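Note sheet for the following structure.
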2 protein chains.
Amino acid sequence: MEFLDRYQEIVSQAIKKYTFKGKPVELYEPMNYIISHGGKRLRPIMLLMANELFGGDIKKAIKPSLAIEYFHNFTLIHDDIMDEAPIRRGVPTLHILHGVNTAILSGDGMLLKAYTFFEGLEPDLFKACLRIFTHMGLLLCEGQQYDILFETQEEVTYDEYMRMITYKTGVLSACSFEIGALIARADFQDAKSIFNFGKHIGIAFQIMDDYLDVFGNQESVGKKHAGDIFENKKTILYLLAKQHATQQELEELKYWYSKKTDNIDKIYGVEKIFRRTNVQERALRLVQKHNELGQAYLGKIQVSEEKKKPFMELANYLLKRES
Amino acid sequence: MEFLDRYQEIVSQAIKKYTFKGKPVELYEPMNYIISHGGKRLRPIMLLMANELFGGDIKKAIKPSLAIEYFHNFTLIHDDIMDEAPIRRGVPTLHILHGVNTAILSGDGMLLKAYTFFEGLEPDLFKACLRIFTHMGLLLCEGQQYDILFETQEEVTYDEYMRMITYKTGVLSACSFEIGALIARADFQDAKSIFNFGKHIGIAFQIMDDYLDVFGNQESVGKKHAGDIFENKKTILYLLAKQHATQQELEELKYWYSKKTDNIDKIYGVEKIFRRTNVQERALRLVQKHNELGQAYLGKIQVSEEKKKPFMELANYLLKRES
């Protein structure tokens with residue numbers, strides 16, 4: 001999409017411009033490393049899009065958009081330590097390259113640096129944005145802690161799952177849009193609407209992520225097929241299957257989810273239950289539901305339909321993907 | 001000291017009042033645990049003292065003073081992971097009790113929570129305080145990274161050491177005082193003076209800490225005698241000794257600081273060089289020097305001498321200690 005490319009270029013240029021030049025380089029170089037290895041820059045783009053939607057000046061929004069990207073990368077650094085992930089975006093993770101200590105510290109520094117990127121805003125906007133930003137951070141920590149707990153928690157309810165993905169994924173896109181709206185001085189109601197649009201798009205995105213693990217095109221997903229089943233992750237597919245399983249299937253699921261193995265019998269057995277309980281269609285229906293909820297919030301915003309088009313395109317792009 | 005007790009009580013009450021009640025408890029309980037196991041609450045007290053010095057309303061300063069205490073505890077949680085420290089303030093550290101992952105996450109949450117404690121301030125003050133707070137955080141990260149680097153860096157200069165302790169210790173007391181002054185709406189020059197008072201007191205405190213490792217009363221220090229020598233730490237004693245050592249002593253120091261051992265010959269050999277080069281007196285002279293620099297800044301502040309007395313008492317308390 002043309003508008004995405006345009007925004008991506010703006011964000012990339014800004015990241016280059018604000019490359020950290022501080023000392024010691026051993027602290028700042030790892031931050032530059034992770035931020036330069038990209039990703040799609042979706043969250044800063046969301047901030048810029050919302051700012052433009054409400055007639056804001058892009059110059060004022062660029063540094064806050066970087067704050068969102070740095071914040072996101074702070075969470076990636078610390079999450080990768082927790083997950084013992086060796087690779088991110090095709091390159092070694094920070095704790096692999098520099099050790100856990102420097103990775104913890106560079107993550108902390110990244111979060112603090114993110115805060116500095118709001119300093120160009122007038123005091124009232126600065127305060128409004130930082131409140132949202134800090135509380136977003138706390139919700140993400142809560143979501144991450146729930147995710148850790150789910151690993152050892154025998155029963156995870158649908159509501160618990162929804163809360164976890166809302167905190168871990170929905171809130172970040174919601175707040176990216178909301179902060180962009182505030183910087184453009186959108187009215188309170190419109191800012192809340194774009195927040196809720198972002199929340200539901202984020203939730204739909206995460207459900208799609210769970211879906212693609214099993215039903216995605218393996219080549220374009222670029223991850224191991226059914227990695228979540230192997231890891232015993234309580235994804236939406238697992239939760240939906242449990243809701244619709246027979247007693248015997250429940251016992252079978254319990255059996256397989258008590259052992260960490262990539263035994264082909266496990267993957268085959270679990271997928272058979274997933275198919276029988278029709279979780280593929282159920283999950284896609286949920287994606288559709290949250291997409292529609294998001295669109296409804298978008299509909300409430302008092303700007304021309306023409307201006308809303310890029311938001312629909314973004315949602316389609318995120319949800320129609322095969323990877 | 002009476003005024004310290006009074007402030008300590010105020011801070012303790014406030015910490016109790018604002019006990020984190022959020023969920024999941026697995027995230028917030030570790031934060032409550034570390035904050036409830038005390039310490040002397042010196043940094044929030046510094047903020048409250050400066051606020052009172054400039055005629056501020058204590059009610060307005062209490063929550064920001066907690067921000068400083070939470071920030072300090074955030075650094076302790078992450079530093080303890082990095083140092084693999086099993087004990088803090090006589091109780092097990094968080095990563096020992098809950099694992100490294102929860103400790104990283106609770107540390108992150110603690111830093112974010114700290115930010116929320118400024119939200120009661122008017123936008124202009126909120127912005128002024130948060131700028132100081134965030135940049136203080138970055139300097140602490142830089143200081144911590146320098147400290148990590150010193151472990152493997154063969155030569156550490158006196159200037160490098162001073163920068164490291166200024167960032168790791170001086171800046172936190174400096175900013176605690178400065179934020180307190182700002183909340184009382186002290187004038188810019190006075191705020192800078194109390195900042196510099198805090199900086200030099202912090203530096204003197206850290207030099208005293210190095211000194212007590214070898215020359216302190218072991219019982220009141222409550223730590224292993226000469227632990228820094230055992231750990232090959234490049235303390236001020238080591239740096240001063242190197243400045244005044246003979247060629248033969250330099251080689252001896254190099255030999256001992258290349259092995260991690262609590263061999264009594266090492267401790268004995270190094271302490272002999274410390275005594276011969278008279279580092280005991282030299283270190284105390286440095287403490288005195290920074291104390292005087294601090295006092296000079298205190299002298300510049302335009303309030304009555306009577307009001308400055310608690311600051312002198314605090315400095316004496318910190319620097320005359322035997323532990």
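The values are calculated or read from the model by the stated rules, or taken from the named source; none is laboratory data. Note that the structure is a prediction, hence the values are computed from the model and not measured. Methodologically, a virtual Cβ is constructed for each residue, glycine included, from the backbone with ideal geometry; neighbour enumeration extends over all protein chains shown. Heavy atoms of the whole protein, side chains included, go into the accessibility calculation; ligands, DNA and RNA do not. Shrake-Rupley method; radii C 1.70, N 1.55, O 1.52, S 1.80 Å.
Quick check on this structure: which one of B:Leu149, B:Leu125, B:Leu139, B:Leu94 is within 28 Å of A:Leu149 (Cα to Cα) and not acidic (Asp, Glu)? Full working, then the answer.
Values: B:Leu149 fails: within 28 Å of A:Leu149 (Cα to Cα); B:Leu125 fails: within 28 Å of A:Leu149 (Cα to Cα); B:Leu139 fails: within 28 Å of A:Leu149 (Cα to Cα).
Matching residue, one of B:Leu149, B:Leu125, B:Leu139, B:Leu94: B:Leu94.
For the subset of the range B:74-93 comprising residues that are more than 13 Å from chain A (Cβ to nearest Cβ) and of a type in the set (A, V, I, L, M, F, W, C), which member is surrounded by the most Cβ atoms within 10 Å (Cβ to Cβ)?
B:Val91
Just to be sure before I move on: is A:Asp190 part of a helix (DSSP H, G or I), acidic (Asp, Glu) and within 14 Å of chain B (Cβ to nearest Cβ) in the structure I sent?
No; evaluated as a whole, the condition is false for this residue.
Hey, among B:Ala226, B:Ala186, which residue is on the phi > 0 side of the Ramachandran plot and touching a residue at least 24 places away in the same chain (Cβ under 8 Å)?
Answer to the check: B:Ala226.
What residue, among those in the range A:94-114 that are free of Cβ contacts under 8 Å to residues at least 40 places away in the same chain and more than 10 Å from chain B (Cβ to nearest Cβ), is most open to solvent (accessible area, probe 1.4 Å)? Spell out how you get there, then give the answer.
Here is the first cut: in the range A:94-114, the ones free of Cβ contacts under 8 Å to residues at least 40 places away in the same chain are A:95-96, A:99-101, A:104, A:107-108, A:112.
Next, only the ones that are more than 10 Å from chain B (Cβ to nearest Cβ) stay: A:95-96.
Working: A:His95: 26, A:Ile96: 97 Å².
Of everything passing the filter in the range A:94-114, A:Ile96 is most open to solvent (accessible area, probe 1.4 Å).
If I go through the range B:149-160 residue by residue, how many of them are more than 10 Å from every other protein chain (Cβ to nearest Cβ) and either touching a Ser or Thr at 6+ places or on another chain (Cβ under 6 Å) or closer than 14 Å to B:Asn232 by Cβ (or both)?
Residues in the range B:149-160 being more than 10 Å from every other protein chain (Cβ to nearest Cβ) and either touching a Ser or Thr at 6+ places or on another chain (Cβ under 6 Å) or closer than 14 Å to B:Asn232 by Cβ (or both): 7 in total.
Which count do you get for residues in the range B:277-289 that are open to solvent by less than 10 Å² (accessible area, probe 1.4 Å) and not β-branched (Val, Ile, Thr)?
1
Farther than 26 Å from A:Ile203 by Cα and either at the interface with chain B (Cβ under 10 Å from one of its Cβ atoms) or free of Cβ contacts under 8 Å to residues at least 40 places away in the same chain (or both) - does that describe any residue in the range A:126-138?
yes
Kindly provide the set of residues from the range A:300-317 that are in a helix (DSSP H, G or I) and open to solvent by 50 Å² or more (accessible area, probe 1.4 Å), ordered by number. Don't jump to the end; show me each part of the working.
Pass one, the range A:300-317, residues in a helix (DSSP H, G or I): A:300, A:305-317.
Once the filter is applied, which keeps residues that are in a helix (DSSP H, G or I) and open to solvent by 50 Å² or more (accessible area, probe 1.4 Å), the range A:300-317 yields A:Lys300, A:Glu305, A:Glu306, A:Lys307, A:Lys309, A:Met312, A:Glu313, A:Asn316, A:Tyr317.
If B:Gly38 satisfies all but one of (1) in contact (Cβ under 8 Å) with a residue 40 or more places away in the chain; (2) more than 18 Å from A:Cys141 (Cα to Cα); (3) facing another protein chain (nearest Cβ under 10 Å); (4) surrounded by fewer than 20 Cβ atoms within 10 Å (Cβ to Cβ), what's the number of the condition it fails?
Of (1) in contact (Cβ under 8 Å) with a residue 40 or more places away in the chain; (2) more than 18 Å from A:Cys141 (Cα to Cα); (3) facing another protein chain (nearest Cβ under 10 Å); (4) surrounded by fewer than 20 Cβ atoms within 10 Å (Cβ to Cβ), only one is false for B:Gly38: (3).
Say we look at the range A:139-148 and pick out the residues that are more than 7 Å from every other protein chain (Cβ to nearest Cβ) and farther than 22 Å from A:Ala61 by Cβ; which of these is surrounded by the most Cβ atoms within 10 Å (Cβ to Cβ)?
Going through the qualifying residues, I end up with A:Gly143.
Go through (1) assigned to a helix (DSSP H, G or I); (2) open to solvent by 90 Å² or more (accessible area, probe 1.4 Å); (3) modelled with pLDDT under 95 for B:Ile229 and report which single condition fails.
Result: B:Ile229 passes all but (2).
Tell me, please, whether a residue that is open to solvent by 60 Å² or more (accessible area, probe 1.4 Å), among the basic types (Lys, Arg), under 20 Å from A:Phe150 (Cα atoms) and part of a helix (DSSP H, G or I) can be found in the range A:254-276.
Yes, the range A:254-276 contains a residue that is open to solvent by 60 Å² or more (accessible area, probe 1.4 Å), among the basic types (Lys, Arg), under 20 Å from A:Phe150 (Cα atoms) and part of a helix (DSSP H, G or I).
Tell me which residues, restricted to the range A:232-253, are open to solvent by 30 Å² or more (accessible area, probe 1.4 Å) and over 29 Å from A:Arg321 (Cβ atoms).
Result: A:Thr246, A:Gln247, A:Gln248, A:Leu250, A:Glu251, A:Glu252.
Of the conditions (1) among the hydrophobic types (A, V, I, L, M, F, W, C); (2) modelled with pLDDT under 95; (3) closer than 20 Å to A:Met162 by Cβ, A:Ile264 fails just one. Which one is it?
Only one criterion in (1) among the hydrophobic types (A, V, I, L, M, F, W, C); (2) modelled with pLDDT under 95; (3) closer than 20 Å to A:Met162 by Cβ is unmet by A:Ile264, namely (3).
Take the range A:120-137 and flag every residue that is open to solvent by less than 10 Å² (accessible area, probe 1.4 Å) and in a helix (DSSP H, G or I).
Those that are open to solvent by less than 10 Å² (accessible area, probe 1.4 Å) and in a helix (DSSP H, G or I): A:Leu125, A:Phe126, A:Cys129, A:Leu130, A:Phe133, A:Thr134, A:Met136, A:Gly137.
Please state which of the following conditions A:Glu178 fails to meet, knowing it meets all the rest: (1) of a type outside the set (Lys, Arg); (2) more than 18 Å from A:Gln295 (Cβ to Cβ); (3) open to solvent by 10 Å² or more (accessible area, probe 1.4 Å).
Tallying (1) of a type outside the set (Lys, Arg); (2) more than 18 Å from A:Gln295 (Cβ to Cβ); (3) open to solvent by 10 Å² or more (accessible area, probe 1.4 Å), A:Glu178 fails exactly one: (2).
Given the criterion more than 9 Å from chain B (Cβ to nearest Cβ), touching a residue at least 40 places away in the same chain (Cβ under 8 Å) and open to solvent by 10 Å² or more (accessible area, probe 1.4 Å), identify the matching residue among A:Phe117, A:Phe71.
Residue meeting the stated conditions: A:Phe117.
Regarding B:Val270, is this residue hydrophobic (A, V, I, L, M, F, W, C), closer than 28 Å to B:Asp5 by Cβ and touching a Leu at 6+ places or on another chain (Cβ under 8 Å)? Before you say what the answer is, go through the steps one by one.
Numbers: hydrophobic (A, V, I, L, M, F, W, C): yes; closer than 28 Å to B:Asp5 by Cβ: no; touching a Leu at 6+ places or on another chain (Cβ under 8 Å): yes.
Here the answer is no, as B:Val270 does not meet what is asked.
Examine the range B:242-250 for a residue that is touching a residue at least 60 places away in the same chain (Cβ under 8 Å) and not in a loop (DSSP other than H, G, I, E, B), and state whether such a residue exists. Walk me through how you get there before you give the answer.
In the first step, residues of the range B:242-250 are kept if they are touching a residue at least 60 places away in the same chain (Cβ under 8 Å); the result is B:243.
Next, from what is left, pick out any that are not in a loop (DSSP other than H, G, I, E, B): B:243.
Yes, the range B:242-250 has at least one match.
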